[in-house]
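So the structure is just underneath, and the comments pick up after that.
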Amino acid sequence: MRARYGVPLGITAAAAAGLAYSAGFEARSFRLRRVTIPVLPRGMRPLRVLQVSDIHMVSGQRKKRAWLQSLAGLRPDFVINTGDNLSDPEGVPEVLDALGPLMEFPGAYVFGSNDYYGPRLRNPGRYLIEKLQGRHGLNGNEPVTGAVHNPWEPMRDAFDEAGWLNLTNTRGTLKIDGHTIGLTGLDDPHIKRDRYARVAGGPAASDDFSLAVVHAPYLRTLDAFTSDNYPLILAGHTHGGQLCIPFYGALVTNCDLDTDRVKGLSTHTEDGRTAYLHVSAGCGTNRYTPVRFACPPEATLLTLTERETHT
């Protein structure tokens, strides 16, 4: 009896322990990462940018709300929200409560697919299958039918009323200490809402510094931004892989970005130009897969400094 069932029972126990850790501890073990990026022109003081992403708020997530509220104590120069704020149609008031203190600072945002549509229960193994088949989101998959439409408009209106820039396939500027910061954004490529032709042309000559913002870091958007000479691109969407293998990393990115760049700071090169890319692993999960492993939830304080000079 022992010889026959000992191993399966051991595997089952280990799996149960891993699931309990992933859902009960790590998914709520919020972290702040700090990253320095040398992208500013000479003479500009460092800028502190707080990036929040993939909150996926579900009603009743008090610890997440309190942690997000506490980030206001960092006193950033401005905030960038790279989308997927919701995972619950009833979650808008709690998103706004969580982000309320941060909306006291200048900011900008783009939306992700989960802001527009409610999540659906799906087999996590499909992400691996879609990766192997080169299909992600609506990019190669059949159109979604019967989706729940989230009430994203009140969230948009609240962000706009607070003075955050809506970067949905458009441009905007922030004034920070007399400097003009140009921001160019796209709607979510994961559901084919990006319209790069509307914002093409690169940074405005009148901007002291410019950066690009998109929810899902699909290669077509990274190529376009980099070719247009943006020095920095901010994105989210990937959850850092969400379920990672220790000492190996992510298995999937849920887009066509390679797993080596699934989270954190990297670079992207196109047409002989190179941009810094920062992908946030985000601080939430789909409500139907509320687990993380070897990939804790996060926000990032980006300190932008002067470009390095080479002699």
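The values are calculated or read from the model by the stated rules, or taken from the named source; none is laboratory data. Values in this document were obtained by computation on a predicted structure and should not be read as measured data. Quick reminder, even Gly has a Cβ in these numbers, built from the backbone with ideal geometry, and neighbours come from all protein chains shown. Surface accessibility is based on the protein's heavy atoms, side chains included, excluding ligands, DNA and RNA. Shrake-Rupley method; radii C 1.70, N 1.55, O 1.52, S 1.80 Å.
Checking Gly100, Gly73, Gly83 one by one, the residue that is open to solvent by 10 Å² or more (accessible area, probe 1.4 Å) and either touching a Gly at 6+ places or on another chain (Cβ under 7 Å) or closer than 15 Å to Phe159 by Cβ (or both) is Gly100 and no other. A single member of Thr168, Thr180 is closer than 27 Å to Val262 by Cβ and among the hydroxyl-bearing types (Ser, Thr, Tyr), and it is Thr168. Counting only residues that are crowded, with 24+ Cβ neighbours inside 10 Å, outside any strand (DSSP E or B) and in contact (Cβ under 8 Å) with a residue 60 or more places away in the chain, the stretch 219-249 holds 3 of them. Only one entry in Thr173, Thr145, Thr168 is free of Cβ contacts under 8 Å to residues at least 12 places away in the same chain and not in a helix (DSSP H, G or I), namely Thr145. Number of residues in the stretch 81-112 that are more than 24 Å from Ala147 (Cβ to Cβ) and among the aliphatic types (A, V, I, L, M) equals 5. For the stretch 295-304, the condition holds for at least one residue, the condition being that it is assigned to a loop (DSSP other than H, G, I, E, B) and buried (at least 21 other Cβ atoms within 10 Å of the Cβ). Note on the stretch 148-165: residues that are among the hydrophobic types (A, V, I, L, M, F, W, C) and either without any contact (Cβ under 8 Å) to a residue 24 or more places away in the chain or out of contact with any strand residue (DSSP E or B) (no Cβ under 8 Å at 6 or more places or on another chain) (or both) total 1. Apart from one condition, Gly202 fits all of (1) in contact (Cβ under 8 Å) with a residue 40 or more places away in the chain; (2) open to solvent by less than 10 Å² (accessible area, probe 1.4 Å); the exception is (1). The residues in the stretch 176-187 that are surrounded by 12 or more Cβ atoms within 10 Å (Cβ to Cβ) and either part of a strand (DSSP E or B) or free of Cβ contacts under 8 Å to residues at least 12 places away in the same chain (or both) can be counted, and the count is 8. Every condition in (1) hydrophobic (A, V, I, L, M, F, W, C); (2) within 19 Å of the chain's Cα centre (by Cα); (3) over 18 Å from Val110 (Cβ atoms) is met by Ala205 except one, and the failing one is (2). Take Val279 and tell me if it is under 21 Å from Thr180 (Cα atoms), open to solvent by less than 10 Å² (accessible area, probe 1.4 Å) and under 18 Å from the mean Cα position of the chain (by Cα). In short, no.
Taking the criterion of being open to solvent by 20 Å² or more (accessible area, probe 1.4 Å) and either free of Cβ contacts under 8 Å to residues at least 24 places away in the same chain or within 17 Å of Phe105 (Cβ to Cβ) (or both), the residues of the stretch 30-59 that qualify are Leu32, Arg45, Pro46, Arg48. For the structure I just gave you, tell me whether His215 is open to solvent by less than 20 Å² (accessible area, probe 1.4 Å), modelled with pLDDT of 95 or more and in a loop (DSSP other than H, G, I, E, B). The answer is yes for His215.
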